[in-house]
1. Provide HIS15, HIS88 in ascending order of the number of other Cβ atoms located within 10 Å of each residue's Cβ, fewest first.
2. Normalized C-alpha radius of gyration of the chain, against 2.2 N^0.38 Å?
3. Within the set of other residues whose C-beta is less than 13 Å from the C-beta of ILE12, count the net charge using Lys and Arg as +1 and Asp and Glu as -1.
4. Within 10 Å of each residue's Cβ, count the other Cβ atoms and sort LYS56, LYS95 from fewest upward.
5. What relative contact order, as a whole-number percentage, does the chain give when Cα pairs under 8 Å and 6 or more residues apart are counted?
6. In what sequence do ASP46, ASP8, ASP65 fall when counting other Cβ within 10 Å, fewest first?
7. Once label points are set 7 Å from the Cα along Cα→Cβ at both TYR92 and LEU68, what is their separation, rounded to one decimal in nm?
8. Counting helices only, and only those DSSP H runs with n ≥ 4, report the 222 nm mean residue ellipticity of the chain as the sum of -39,500 (n - 2.57) divided by its residues, in deg cm²/dmol to the nearest 500.
Amino acid sequence: MPCEFQMDLCFIREHTPSPFQTVIAGQLNRLFTGRGTWYIDYRVEDGLDIAVAEVKGLAAWETEDEVLRYVEENASMDLEAEADCWNHLQGYQLKVSPKVDAGCCRLQTR
């Protein structure tokens, strides 16, 4: 049964000229294309690169643990520390909501 998921990811690192937002977008593209959409709010503040990514969509995951396991097993870990956004993940929020079939064209939240 498909479930709706919403995940917020907060990445923070010391400011550098390397493309932090591009690296995060590439990871999200590899992980969630066909499963959801995302938006990244990026800013530089007090000498820090701050990126908050919101990912949401429908997928077969039924629990938060399944989503986290998927991300852990499929995220690309780059040996070059500067290009590995997961080293800079400071927090996340995740919610998975089961859906009930409400006919051929729509789903309802259970």
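What follows draws every value from the coordinates through simple rules; no lab data is involved. Model, not experiment: these values are computed from the prediction. Methodologically, a virtual Cβ is constructed for each residue, glycine included, from the backbone with ideal geometry; neighbour enumeration extends over all protein chains shown.
1. By the 10 Å Cβ count, ascending, the order reads HIS15, HIS88.
2. Compactness ratio reported: 1.18.
3. Computed value for this residue: -3.
4. Lowest count first: LYS95, LYS56.
5. Reported relative contact order: 41 percent.
6. Working: ASP46 6, ASP8 14, ASP65 11.
Ranked by crowding around the Cβ, least crowded first: ASP46, ASP65, ASP8.
7. 0.8
8. Counting only the DSSP helices, I get -7000 deg cm²/dmol.
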